[in-house]
Amino acid sequence: MKRKLFLAMMAVGLLCWTASSVMAKTTWNANSVWPPNNHQTIGLEEFAAKVKQMTGGELEINVSSGGALGYKGPELLKVVRDGLVPISDMLISGVAGEDKVFQIVTLPFLAANLDEAKLLNTIARPYFDKAAERFKQKILYIAPWPGAGLWTQKKLTGIADMKGLKVRTYDKNGALVVEAAGGTPYALPFSEVYSSLASGLIDTVLTSTPTAVDAKFWEVLKFYQPLNVTIATDMVTVNLAAFNKLDKKTQQALIDAGKQQEEKMWKDVKALDKEKEGICNKNGIETVPVSDAFMQDLRKITENIRNDWLKDAPADAKAIYSEFMKQVKR
């Protein structure tokens, strides 16, 4: 009888221990507004897999892509701040309405290429960390997009060809460029871009090659002008309260996985750009070489955009700008 009682108590203890072990596991939802095959979503899934492996499964991150959780880009700083999701990917310049320091990433023609874009984001990172902390979150990694060009119905050979274009833009800086060239910017969610092209609401899109593939631009557009108007970046942030609930070992795993993912995505972006452009070309999009005169005209008409931003920029943003210009010797 005593043996049976002992075995029963052991079974109950084992059951309780097993239950507590299962309960110790933390599961988070992660938000991405980008489609499943977009490199930012893929990057977030790779990051989640790293975290699961590095924590021995104690922290599991489930990625919801394509805006499935119902949140849109400009609101994502607040969404993470308020704990509606513990972790989210977001376009940095897309949340610049919340803090102007984030707008520096896509100042038109500030970063001339991906190497300069990486330098700009490296210089900006401590200031971005401060801004994110004000919104009660922590940046885990920053990942690039290829440079944004114009995807059009008609071939553009000079700035005069931009007059009258109806252009979908993804942030304020892009909209200012379109206006300076005589076009009309449209701030549309990515999910509405294809239908807006098909209906004629817009005839042009300012974006990078991965988005062009995501939206199958070859079905509705004909030409691509690789202007590198802006070079955008995304950041993946975590709610600080959620982060602070984790033990130190798990916190460090999140940080380490973020560093690894950031390094990988910057390393891969040039090849990604060529790959996605090739897919578009294969499906009928013609890449139009951009003349030096076209680029010079664009830089000239957008000079006031950069100057006006700098006049009203917060001190942190001015510090980033100054250090960047010093390092690129401009």
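No lab work stands behind these numbers, since they all come straight from the coordinates. This one's a predicted model, so the numbers in the text were calculated from it and none came from an experiment. We place every Cβ from the backbone using ideal geometry, glycine too, and count neighbours over all the protein chains shown.
Only Lys, Arg, Asp and Glu carry charge here, each on its Cβ (+1 for the first two, -1 for the last two); on that basis the chain has a dipole of about 920 debye about its Cα centre. Between K245 and K25, the modelled labels are 1.7 nm apart [label points 7 Å from Cα along Cα→Cβ]. Close amide-amide hydrogen proximity is noted between Y186 and V167, R168, T169, each under 5 Å apart and 5 or more residues distant or on a separate chain (H modeled in the peptide plane; Pro and chain starts excluded). Compared with the direct C-alpha span, the chain from T184 to Q153 gains 9.7 nm at full extension, assuming 0.36 nm per residue. About its Cα centre, the dipole of region 245-314 is roughly 380 debye, where the only charges are +1 on Lys and Arg Cβ and -1 on Asp and Glu Cβ. Highest mean packing comes first when the peptides 101-108, 41-48 are listed by Cβ atoms within 10 Å, giving 101-108, 41-48.
Only alpha carbons enter this Debye calculation for the chain, each as an equal point scatterer, and the log10 of I(q)/I(0) it gives at q = 0.06, 0.16 Å⁻¹ is -0.25, -1.39.
Taking every full run of DSSP H in the chain, the ones that stretch at least 27 Å from end to end by Cα along their long axis and average -0.5 or higher on the Kyte-Doolittle scale are 2-24.
Stokes-Einstein diffusion for region 275-319 at 20 °C, viscosity 1.002 mPa s, with a Kirkwood radius from C-alpha pairs, works out to 157 µm²/s.
For the pair region 19-97 / region 224-273, the C-alpha centres are spaced 11 Å from each other.
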